[in-house]
Amino acid sequence: MKTTTALATLMALGLTTPALAEIRIGASISATGPAAFLGDPQVKTLEMLVEALNAAGGIDGEEVTLIHYDDGGDPNKARTFATRLIEDDEVVAIIGGTTTGATMSILSVAEDAEIPFISLAGAIEIIDPVRPFTFKTPHTDRMACQKIFEDIQARGFTNVAMISGTDGFGASMQAQCKAVIGDYGLTLVADESYNPTDADMTAQLTKIRNTEGVEALINPGFGQGPSIVTRNYAQLGLEIPFYQSHGVASNGFIDLAGADAAEGVRLPGTALLVADILPEGDAQRDIALAYKTAFEEATGTPVSTFGGYAHDAFLILTDAIARAGSTEPQAIRDAIEQTTGLVGTTGTYTFTPDDHLGLDLSAFRMLEIQSGAWTTVE
Amino acid sequence: MMKLTPKSATLIVLVALIALSPLLFPSNFYYRVGALIFVNAIAVTGIVILTGYAGQVSLGHAGFAGIGAYACALAPVHLGVPPALAVVLGAVLSGVLAYLVGRPILRLHGYYLGVATLGFGILVTMVLTNERALTGGPDGIEVPDLGLRGLLGDLGLSLSNGQFWYFFSGLCMLIGAWIALNLYDSPTGRALRALHGSEVAARTVGIDVARLKLRAFVISAVYASVSGSLLALQNRFVTPDVAGFMHSIEMVTMAVLGGVGSVLGAIFGAAILTLLPQVLTVFAEYEQMVLGLVMILVMIFLREGLLPSILKKLRGKDE
């Protein structure tokens, strides 16, 4: 009796090798720190999904174990945890890297050890150039720019102003927007920036207002900055069409900015935000609604796009393991690369050896805030 | 039998720890933890020279680590120098900057150095974050391979990445500790300790207080820079976090926790504070709280730091 208790304790502590076959999946996510608003829903999502999967019998009857560490957004910690996951916990694949910095640190460890790795961060550098074992689920910021420019072009405007945060997200998107703006025949007539901790952006917005011929305004950034920009925009009585980025695609943004100020703001978002109003027959409707309902029931907090990235990463990975019929990292990698038409909350994924993102512009929906709620723009 | 000097004893203990610890490693992951301990220990040894020997406090040493780290990321790409030389370049740059910052300030008494270094560290972080075109901004930048592991492989000594960095950082830490221990017994070291005890008395016996403090500051900046370089080369990726305020505080905390007056104590502090977060992953949410609590307890009950206090207890030299 005593021995069994001791053995059970040891097993719980992970000190002995369990006799049962199990599939060990690792995650290094920024559940705390500056990127916690991204990482927190991601951890909760993974925990929820693993529980649901095991309750439904796991993958081909084998239980899935999730081992996750909180890297706090620190790339140095992320690298240590990635090493720990591979060397000590012997996982078959890694999900994570909430931020681009953490992702880039994990990436080299995963590539060296030849372990499949699905990142939850935005930057295009993660999958360009393509690395054999690295995949990612969120759109790139370049795609967000393209989606916005498409919409501006369709509305017949040409002169665009930009006000960007100097945080990693804002600065990266600013650079990407500048790189592709020429493709759409648009002109950047004003280019302002603010620090993520600034409490007032009236000065920059006034400058933009006084710029000759501005027809549309874009605000790359995430966190609280865009909410303040939106408030200031309303206070100054600006009326030019206003675009936010996918970085603020959550209800928290509307709450912070205020429904009045955010009225008419457009942004490229995912199906998840508008799951309720997606038409019957929309490919993403079922999965987006199912995830939204389950997440909100399990956590009591509204679903966010960022958790959706983790949802899709888990979906891609478990789908690949099931198809591979093996837990060999190489087999899993090959199966991920062969993923075709897998519908997730962010978009429909089709990976190829040259494309480890697997999404195109159609995955983004142009959303507009009306009376404090998300609507789709057709 | 010849009696061991404290210096040789410290070095022998360190060599034994570095060589024998791998025998107890349950997996290759622990090489990574070991390498991190050694890299941190190098920076903390610099703090021992500055704070333990000379009695000065710096709150911006991570700024120098940032310079060392980004030197390894940028110099090979933009100047075409090999990464090993970039380490030296970063160290020289850090030393020169420390000289320029320290020279006017170390003529003053009090906490001016602490405040100035605090500002310096923040400035470095801001430059690294905002000069996106050069540094890659907050998302960070890739660092080229040192190339030494491949070279060893060609010579028939094939090590895994983790093993290589464990032994290489260990060797660098040994050299750092050896220099610091030599400095302790040198005329400079004695003069530093004298001015730590009493600046007035030191000046009376003819010690150039400002110049010596400056020398200690420059040396410790070079230690921090080398530590940052090794971290960047090992991680193959670096973000402005390496120069961040929290990293500066971490260095000082490691030194104070282990015992800022002794090299071995400081290394012990670095080991504990590097290991704790790995042990505490289960309580990740309470990690900072536990660290804070440990710090408070050490400051109240073991003022000289963990290792010196424990050794004293063991020798039964109660005061």
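So A:Val303 ticks every box in (1) at pLDDT below 90; (2) part of a helix (DSSP H, G or I); (3) buried (at least 22 other Cβ atoms within 10 Å of the Cβ) but one. Which box is left unticked?
(2)
For the stretch B:193-238, give me each residue that is among the small types (Gly, Ala, Ser) and on the phi > 0 side of the Ramachandran plot.
Scanning the stretch B:193-238 gives a single hit, B:Gly206.
With B:Pro144, B:Pro138 as the choices, which residue is farther than 15 Å from B:Ile67 by Cβ, within 14 Å of chain A (Cβ to nearest Cβ) and buried (at least 22 other Cβ atoms within 10 Å of the Cβ)?
When all the criteria are applied, what remains is B:Pro138.
Would a scan of the stretch A:70-77 turn up a residue that is basic (Lys, Arg) and either within 30 Å of A:Gly300 (Cβ to Cβ) or modelled with pLDDT under 90 (or both)? Step through it out loud before you land on a result.
Our first condition is that a residue be basic (Lys, Arg); within the stretch A:70-77, this holds for A:77.
The next check asks that each one be either within 30 Å of A:Gly300 (Cβ to Cβ) or modelled with pLDDT under 90 (or both); those that pass are A:77.
Yes - at least one qualifying residue is present in the stretch A:70-77.
Might you check whether a residue that is surrounded by fewer than 22 Cβ atoms within 10 Å (Cβ to Cβ) and more than 9 Å from chain B (Cβ to nearest Cβ) occurs anywhere in the stretch A:67-84?
So in the stretch A:67-84, the residues surrounded by fewer than 22 Cβ atoms within 10 Å (Cβ to Cβ) come out as A:67.
Okay, now just the ones that are also more than 9 Å from chain B (Cβ to nearest Cβ), so A:67.
Checked against the condition, which is being surrounded by fewer than 22 Cβ atoms within 10 Å (Cβ to Cβ) and more than 9 Å from chain B (Cβ to nearest Cβ), the stretch A:67-84 yields at least one hit.
When only residues in the stretch A:103-125 that are free of Cβ contacts under 8 Å to residues at least 60 places away in the same chain and among the β-branched types (Val, Ile, Thr) count, which is farthest from A:Pro41 (Cα to Cα)?
The residue in question is A:Val109.
Do you know which residues across the stretch A:283-295 are surrounded by fewer than 16 Cβ atoms within 10 Å (Cβ to Cβ) and either more than 18 Å from A:Thr137 (Cβ to Cβ) or touching a strand residue (DSSP E or B) at 6+ places or on another chain (Cβ under 6 Å) (or both)?
Of everything in the stretch A:283-295, those that are surrounded by fewer than 16 Cβ atoms within 10 Å (Cβ to Cβ) and either more than 18 Å from A:Thr137 (Cβ to Cβ) or touching a strand residue (DSSP E or B) at 6+ places or on another chain (Cβ under 6 Å) (or both) turn out to be A:Ala283, A:Asp286, A:Thr293.
Scan the stretch A:188-200 for residues that are farther than 16 Å from A:Asp141 by Cβ and either in contact with a Ser or Thr (Cβ under 6 Å, 6 or more places away or on another chain) or in a helix (DSSP H, G or I) (or both) and jot them down.
Hits for the stretch A:188-200 are A:Val189, A:Ala190, A:Asn195.
If I ask for residues that are surrounded by fewer than 24 Cβ atoms within 10 Å (Cβ to Cβ) and more than 13 Å from chain B (Cβ to nearest Cβ), which ones from the stretch A:116-133 would you list?
Those that are surrounded by fewer than 24 Cβ atoms within 10 Å (Cβ to Cβ) and more than 13 Å from chain B (Cβ to nearest Cβ): A:Ile127, A:Asp128, A:Val130, A:Pro132, A:Phe133.
Which residue, of B:Gly265, B:Gly259, B:Gly316, B:Gly244, is surrounded by 14 or more Cβ atoms within 10 Å (Cβ to Cβ) and at positive phi?
Just a single option satisfies the conditions, and that option is B:Gly259.
Which one of these is within 14 Å of another protein chain (Cβ to nearest Cβ), aliphatic (A, V, I, L, M) and either surrounded by fewer than 24 Cβ atoms within 10 Å (Cβ to Cβ) or under 30 Å from B:Gly110 (Cβ atoms) (or both): B:Ala35, B:Ala62, B:Ala73, B:Ala16? So that I can check it myself, show each step before the final result.
Values: B:Ala35 fails: either surrounded by fewer than 24 Cβ atoms within 10 Å (Cβ to Cβ) or under 30 Å from B:Gly110 (Cβ atoms) (or both); B:Ala73 fails: either surrounded by fewer than 24 Cβ atoms within 10 Å (Cβ to Cβ) or under 30 Å from B:Gly110 (Cβ atoms) (or both); B:Ala16 fails: within 14 Å of another protein chain (Cβ to nearest Cβ).
So the residue among B:Ala35, B:Ala62, B:Ala73, B:Ala16 that is within 14 Å of another protein chain (Cβ to nearest Cβ), aliphatic (A, V, I, L, M) and either surrounded by fewer than 24 Cβ atoms within 10 Å (Cβ to Cβ) or under 30 Å from B:Gly110 (Cβ atoms) (or both) is B:Ala62.
Checking the condition hydrophobic (A, V, I, L, M, F, W, C), part of a helix (DSSP H, G or I), more than 13 Å from every other protein chain (Cβ to nearest Cβ) and within 22 Å of A:Thr270 (Cα to Cα), which residue from A:Ala144, A:Ala203 passes?
Selected residue: A:Ala144, the only one of A:Ala144, A:Ala203 that is hydrophobic (A, V, I, L, M, F, W, C), part of a helix (DSSP H, G or I), more than 13 Å from every other protein chain (Cβ to nearest Cβ) and within 22 Å of A:Thr270 (Cα to Cα).
For the stretch B:276-293, enumerate the residues that are within 11 Å of chain A (Cβ to nearest Cβ) and within 16 Å of B:Val33 (Cβ to Cβ).
B:Pro277, B:Gln278, B:Leu280, B:Thr281, B:Glu287
Whether any residue in the stretch A:86-94 is out of contact with any strand residue (DSSP E or B) (no Cβ under 7 Å at 6 or more places or on another chain), within 14 Å of chain B (Cβ to nearest Cβ), crowded, with 24+ Cβ neighbours inside 10 Å and not in a strand (DSSP E or B) is what I want to check.
Checked against the condition, which is being out of contact with any strand residue (DSSP E or B) (no Cβ under 7 Å at 6 or more places or on another chain), within 14 Å of chain B (Cβ to nearest Cβ), crowded, with 24+ Cβ neighbours inside 10 Å and not in a strand (DSSP E or B), the stretch A:86-94 yields at least one hit.
Since A:His356 meets every condition but one in (1) touching a residue at least 24 places away in the same chain (Cβ under 8 Å); (2) more than 15 Å from A:Ile118 (Cβ to Cβ), which condition does it not meet?
Every condition holds for A:His356 apart from (2).
Which residues, taken from the stretch A:241-274, are crowded, with 23+ Cβ neighbours inside 10 Å and part of a helix (DSSP H, G or I)?
Result: A:His246, A:Gly247, A:Val248, A:Ala257, A:Ala262, A:Ala271, A:Leu272, A:Leu273.
Residue under question is A:Leu361, and the condition is that it be surrounded by fewer than 14 Cβ atoms within 10 Å (Cβ to Cβ) and in contact with a helix residue (DSSP H, G or I) (Cβ under 8 Å, 6 or more places away or on another chain); does it hold?
So A:Leu361 fits the description; yes.
Is it the case that B:Val222 is at pLDDT 90 or above and away from every other protein chain (no Cβ under 12 Å)?
yes
Pairs only if they're at least six apart or on different chains, beta carbon under 6 angstrom, first in the stretch B:149-161 and under 17 Å from B:Leu233 (Cβ atoms), second at pLDDT 85 or above and not in a loop (DSSP other than H, G, I, E, B); list them, first residue then second.
Close Cβ pairs (under 6 Å, with a partner that is at pLDDT 85 or above and not in a loop (DSSP other than H, G, I, E, B)) amount to B:Arg149/B:Phe164.
Output the number of residues of the stretch A:95-112 satisfying the condition of being within 13 Å of another protein chain (Cβ to nearest Cβ), surrounded by 19 or more Cβ atoms within 10 Å (Cβ to Cβ) and not in a loop (DSSP other than H, G, I, E, B). Please lay out each step first, then the result.
Filtering the stretch A:95-112 down to residues within 13 Å of another protein chain (Cβ to nearest Cβ) leaves A:97-112.
Those left that are additionally surrounded by 19 or more Cβ atoms within 10 Å (Cβ to Cβ): A:97-110.
Then drop every residue that is not not in a loop (DSSP other than H, G, I, E, B), which leaves A:100-110.
Count: 11.
Given the structure, is B:Phe217 aromatic (Phe, Trp, Tyr), part of a helix (DSSP H, G or I) and at pLDDT below 90?
On the way: aromatic (Phe, Trp, Tyr): yes; part of a helix (DSSP H, G or I): yes; at pLDDT below 90: no.
When the stated conditions are applied, B:Phe217 does not pass them.
What's the number of the only condition in (1) more than 11 Å from chain B (Cβ to nearest Cβ); (2) closer than 17 Å to A:Leu317 by Cβ; (3) out of contact with any helix residue (DSSP H, G or I) (no Cβ under 7 Å at 6 or more places or on another chain); (4) at pLDDT 90 or above that A:Val64 fails to meet?
All conditions are met except number (3).
Taking A:Phe314 as the residue in question, decide whether it is part of a helix (DSSP H, G or I), within 30 Å of A:Ala171 (Cβ to Cβ) and modelled with pLDDT of 95 or more.
yes
Considering only the stretch A:74-109, how many residues are touching a Leu at 6+ places or on another chain (Cβ under 9 Å) and small (Gly, Ala, Ser)?
4
The values are calculated or read from the model by the stated rules, or taken from the named source; none is laboratory data. Computed from a predicted model, the values in this text were never measured in an experiment. Please note: Cβ atoms are built from the backbone with ideal geometry, for glycine as well, and neighbour counts cover all protein chains shown.
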